[in-house]
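The values are calculated or read from the model by the stated rules, or taken from the named source; none is laboratory data. Computed from a predicted structure; not experimentally measured. Here the Cβ positions follow ideal geometry from the backbone for every residue, glycine too, while neighbour counts run over all protein chains shown. Accessible surface is based on the protein model in full, side chains and every heavy atom, while ligands, DNA and RNA are left aside. Shrake-Rupley method; radii C 1.70, N 1.55, O 1.52, S 1.80 Å.
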Amino acid sequence: MSKRTSLLTRTRTLCQNFSSSAPLPTLLSNFTQNTPPTALEHGLPQLAPFLGRPFTGQEGLRHYFGLLSELLTIEKMDFEPEEKWVVDERAMAVSLRGEARFRWNETGQAWDETFAYRIGLAEEGGEVKVVGYEVWADTGAAYLARVGELE
């Protein structure tokens, strides 16, 4: 299998697991074990508890994805066609966009959003795994939904 194919395969699996609300152990199986993986959703930490700080290691990932599932309901998540994904074999990274409808559980307020991922990958134990998970999204909408002021 080519390096490009390996990078695409792992990224595809991660996206499918996340968008189908796979159990946490299944989702975490996409990430490195030996090298501490990191999840970072860019934004101001004051806007939402999962923004603006790295969640590192398997425990950090459990906390990050746990916060997401506790605070948000994600519906109709879809990713752009793979032909549009940017694959950087030298950097071992894949960048892509997705769309979904997010609902802040406590207030019930929802919004449609386009977001961007940069998935950093590394070889571990003879296979490619995710070592870096970065997200850029509409943090303002998340904040407004959290405080019940999304119109």
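Just name the residue that is farthest from SER95 (Cα to Cα) out of those in the range 133-143 that are open to solvent by 20 Å² or more (accessible area, probe 1.4 Å), in contact (Cβ under 8 Å) with a residue 60 or more places away in the chain and under 17 Å from the mean Cα position of the chain (by Cα). Here the residue is THR139. Among the residues that make up the range 58-76, is at least one of them closer than 18 Å to ARG4 by Cα and either in contact with a His (Cβ under 7 Å, 6 or more places away or on another chain) or among the charged types (D, E, K, R) (or both)? No, the range 58-76 contains no residue that is closer than 18 Å to ARG4 by Cα and either in contact with a His (Cβ under 7 Å, 6 or more places away or on another chain) or among the charged types (D, E, K, R) (or both). Can you report the number of residues in the range 36-57 which are crowded, with 17+ Cβ neighbours inside 10 Å, of a type in the set (S, T, N, Q) and out of contact with any Gly (no Cβ under 8 Å at 6 or more places or on another chain)? Adding up the residues that qualify gives 0.
Among the residues examined, ARG62 does not qualify as touching a Pro at 6+ places or on another chain (Cβ under 6 Å) and open to solvent by 80 Å² or more (accessible area, probe 1.4 Å). The listed residues are ARG10, ARG4, and the only one of them that is open to solvent by 60 Å² or more (accessible area, probe 1.4 Å), farther than 11 Å from PHE65 by Cβ and assigned to a helix (DSSP H, G or I) turns out to be ARG4. Taken over the range 13-35, the criterion of being in contact (Cβ under 8 Å) with a residue 40 or more places away in the chain and surrounded by 15 or more Cβ atoms within 10 Å (Cβ to Cβ) is satisfied by LEU14, CYS15, PHE18, SER19, ASN30, PHE31, THR32. Quick check: anything in the range 43-62 under 25 Å from THR26 (Cβ atoms), in a helix (DSSP H, G or I) and at pLDDT below 95? No, there is no match, as no residue in the range 43-62 is under 25 Å from THR26 (Cβ atoms), in a helix (DSSP H, G or I) and at pLDDT below 95. Check whether at least one residue in the range 56-69 is over 18 Å from THR13 (Cβ atoms), in contact (Cβ under 8 Å) with a residue 24 or more places away in the chain and hydrophobic (A, V, I, L, M, F, W, C), and report yes or no. No: the range 56-69 contains no residue that is over 18 Å from THR13 (Cβ atoms), in contact (Cβ under 8 Å) with a residue 24 or more places away in the chain and hydrophobic (A, V, I, L, M, F, W, C).
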